[in-house]
Amino acid sequence: MTASSSSAPLLRVAIAGASGRMGHMLIEAVLASGDCQLAAALDHSASPSLGQEAAAFLGKTTGVLIESDVRAALAKADVLIDFTRPEGTLAHLAVAAELGVKVVIGTTGFSEAEKAQVAAFAQKTAVMLSPNMSVGVNVTFKLLEMAAKALQEGGYDIEIIEAHHKHKVDAPSGTALKMGEVIAEAQGTKLADRAVYERFGHTGERQENTIGFATVRGGDIVGDHTVLFAGTGERVEISHKSSSRAGYAQGSLRAARYLAARPSGLFDMNDVLGLR
């Protein structure tokens with residue numbers, strides 16, 4: 001580290017959902033980084049962790065206590081990293097936009113109307129919205145775009161299979177939906193016009209040009225995604241499997257650093273990773 005970089009101010013990071021598994025991964029990543037500082041740790045008002053040391057699970061003392069006052073927490077931060085629920089994220093984002101705090105959003109399950117609200121707030125502050133912060137997953141999105149274009153002709157059927165832990169409340173996963181959107185867009189179509197989310201009973205033959213989704217929920221699966229391009233005489237499979245949430249945390253910090261120099265706008269991981 002050079003003398004000039006060592007004197008640069010630390011990026012002050014607030015973590016939402018601080019007492020959850022993803023919150024713990026984010027706190028650990030911030031503390032292990034050389035350029036970020038844990039500024040605040042947020043959780044909901046009924047959390048039993050309120051008032052506790054944010055890094056207690058690591059056996060460390062940072063002086064940052066878990067709190068529920070969003071405005072007080074964000075007043076201490078440059079950027080908020082939020083992996084909670086849509087309603088909570090939007091409430092946090094409203095305060096962040098007012099205070100000029102940047103926001104990295106890893107929350108999934110947003111409706112189209114809620115995504116429009118995120119875009120509106122992004123006119124006031126910089127927002128990075130992605131259904132998956134993993135660098136590997138976002139590289140996978142790029143590979144899917146390439147495959148979708150190359151395999152558009154030839155009658156390839158497309159199926160997306162995803163698996164997550166039993167506590168995940170939305171289905172298909174935001175990552176699976178994003179995969180479908182990437183594929184549909186690469187082929188000049190819209191996912192809404194092609195998606196098949198349910199199959200039960202006598203469904204008849206598979207309709208051409210559809211994109212099917214299959215969902216698995218069980219155990220502690222962090223996140224597995226496979227896209228199958230099934231043609232006549234061959235299959236192409238593109239998969240990404242997560243064994244830890246550490247990749248999501250590191251991707252989130254890369255996103256936070258990217259937003260630091262941007263006053264406003266809505267960005268995604270393609271911007272962060274230079275994959276446009």
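Details
- Residues of the range 217-274 satisfying the condition of being within 17 Å of Ser134 (Cα to Cα), of a type in the set (Ser, Thr, Tyr) and surrounded by fewer than 12 Cβ atoms within 10 Å (Cβ to Cβ): Ser239, Ser243, Ser244
- Of all residues making up the range 186-203, the number that are part of a loop (DSSP other than H, G, I, E, B) and either without any contact (Cβ under 8 Å) to a residue 24 or more places away in the chain or more than 25 Å from the chain's Cα centre (by Cα) (or both): 10
- Only residues that are within 22 Å of the chain's Cα centre (by Cα) and outside any helix (DSSP H, G or I) were counted in the range 141-169, giving 11.
- Condition broken by Leu259, with the remaining ones in (1) in a helix (DSSP H, G or I); (2) in contact with a Lys or Arg (Cβ under 9 Å, 6 or more places away or on another chain); (3) over 25 Å from Met25 (Cα atoms) satisfied: (3)
- Among the residues of the range 31-69, those identified as part of a loop (DSSP other than H, G, I, E, B) and either β-branched (Val, Ile, Thr) or within 13 Å of Ala14 (Cβ to Cβ) (or both) are Asp43, Ala54, Thr61, Thr62, Val64, Ser68, Asp69.
- Residue that is surrounded by the fewest Cβ atoms within 10 Å (Cβ to Cβ) [pool: residues in the range 125-140 that are touching a His at 6+ places or on another chain (Cβ under 9 Å) and assigned to a loop (DSSP other than H, G, I, E, B)]: Ser134
- Residue-level analysis places Thr226 among those that are at pLDDT 95 or above, under 19 Å from the mean Cα position of the chain (by Cα) and among the hydroxyl-bearing types (Ser, Thr, Tyr).
- Any hit, the range 106-124, residues being in a strand (DSSP E or B) and not charged (D, E, K, R): no
- Any chance Arg206 is under 24 Å from the mean Cα position of the chain (by Cα) and among the charged types (D, E, K, R): no
The values are calculated or read from the model by the stated rules, or taken from the named source; none is laboratory data. As the structure is a prediction and not an experimental result, all values here were calculated from the model. FYI the Cβ positions are ideal-geometry reconstructions off the backbone, even for glycines, and counts take in every protein chain you see.
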